[in-house]
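Contents: one structure, followed by commentary.
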Amino acid sequence: MKNPDIPITDDHIHIDPRNGRGLAAARDFQRAGGTHLFLVSKPSSSFGIVPVTGEEFREVFDETIAVAGAVRELGLTVFVVLGVHPAEVTRLSAHSSLDDAIVVMKRGLDIAGEYIAEGSAVALKSGRPHYDVPPAILDASNEVLSHALSRASRLGCAVQIHAESGPCTDVVDRARRAGLPAYRVVKHYATPDTPLTPSMIATHPAIPGLAASGRQFTMESDYMDENSRPGAVIGPKSVPRATFRLISEGLITADDAHRIHSETPALVYGVEISR
């Protein structure tokens, strides 16, 4: 079942011709009924890069933008999200000091901001490790996250955060102090209890209830597009298939789907999403 009047948006997906299926994955998304996607830059490790100054992130960002261009040629609408994966702090601090890692990650975010300012991307990516880390690493991560929120406030853009499972309630105050409305902070791989804008994995059982409540949220696959991990986290067809299944089973309405896939991402990211 497909509804040609409803845009279908994957809020967090990777398309990686270097390490994965590349355009074949994007075609799978399209054939399943997908229309719009937020293409998120991968960690520097996916490209064999160990950033030393932060300028090295340009290679990651340039490749992400090039991939976005190739995906657009298929007829899909692509919005690019660029930034520094929070797990970089662990990797970088193993090669240098923690203070140096903070400087490099902040510089990477500043460079991502340059692409947003010129219109090549629409949002920043930041966060903190989703795994247990020592207090010093957590403090460093929060410093980098606050830098991302401040940068986003100045740019007038949204931030996708990758962080620990749970509500991340403290980020509301961090965003407020940075001058960024909390609804413009997207909790990637979210749980329903977050006060931020949740981006829900398409198979999450809470989606019908959230939709019925009128909650503003988006859906994602977090498809990694890595041949070494096929189908992780879930496949590129998942968002459209899950949406159409939920509609056909009466678990969400077409209006719910429109709010999830068009109204909410348009509000959060300041983009236009329509068929």
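The values are calculated or read from the model by the stated rules, or taken from the named source; none is laboratory data. What you see is a predicted model, and the numbers here were worked out from it, not measured in a lab. When we count neighbours, we look across all protein chains shown, and the Cβ atoms used for this are built from the backbone with ideal geometry, even at glycine.
Could you please give the count of residues in the range 132-175 that are closer than 18 Å to Ser41 by Cβ and part of a loop (DSSP other than H, G, I, E, B)? Total satisfying the criteria: 2.
Condition first: more than 25 Å from Gly75 (Cα to Cα) and charged (D, E, K, R). Can you find one or more residues in the range 223-244 that meet it?
Going residue by residue through the range 223-244, those that are more than 25 Å from Gly75 (Cα to Cα) are 228-229.
Subsequent filtering for residues that are charged (D, E, K, R) retains 229.
The answer is yes; a qualifying residue exists.
Leu149 meets all of the listed conditions (1) surrounded by 15 or more Cβ atoms within 10 Å (Cβ to Cβ); (2) under 28 Å from Gln30 (Cβ atoms); (3) at pLDDT 95 or above but one, namely (2).
Kindly indicate whether Gly214 is at positive phi, small (Gly, Ala, Ser) and either surrounded by fewer than 20 Cβ atoms within 10 Å (Cβ to Cβ) or modelled with pLDDT of 95 or more (or both). Yes; evaluated as a whole, the condition is true for this residue. Does Ala121 meet the test of being touching a residue at least 24 places away in the same chain (Cβ under 8 Å), within 16 Å of Val133 (Cα to Cα), small (Gly, Ala, Ser) and in contact with a helix residue (DSSP H, G or I) (Cβ under 6 Å, 6 or more places away or on another chain)? Against the criterion (touching a residue at least 24 places away in the same chain (Cβ under 8 Å), within 16 Å of Val133 (Cα to Cα), small (Gly, Ala, Ser) and in contact with a helix residue (DSSP H, G or I) (Cβ under 6 Å, 6 or more places away or on another chain)), Ala121 does not qualify.
Kindly check whether there is at least one residue in the range 69-85 that is in contact with a Pro (Cβ under 9 Å, 6 or more places away or on another chain) and assigned to a loop (DSSP other than H, G, I, E, B).
So the first thing to find is which residues in the range 69-85 are in contact with a Pro (Cβ under 9 Å, 6 or more places away or on another chain), and the list is 70, 77, 79, 84-85.
Narrowing the set further to residues that are assigned to a loop (DSSP other than H, G, I, E, B) leaves 84-85.
Scanning the range 69-85, I find at least one residue that is in contact with a Pro (Cβ under 9 Å, 6 or more places away or on another chain) and assigned to a loop (DSSP other than H, G, I, E, B), so the answer is yes.
Can we say Gly34 is surrounded by fewer than 17 Cβ atoms within 10 Å (Cβ to Cβ), closer than 22 Å to Gln160 by Cα and among the small types (Gly, Ala, Ser)? Spell out how you get there, then give the answer.
Working: surrounded by fewer than 17 Cβ atoms within 10 Å (Cβ to Cβ): no; closer than 22 Å to Gln160 by Cα: yes; among the small types (Gly, Ala, Ser): yes.
Answer is no for this residue.
Quick check on the range 112-130: of everything there that is part of a loop (DSSP other than H, G, I, E, B) and within 18 Å of the chain's Cα centre (by Cα), which residue is nearest to Ile201 (Cα to Cα)? Top of the filtered list is His130.
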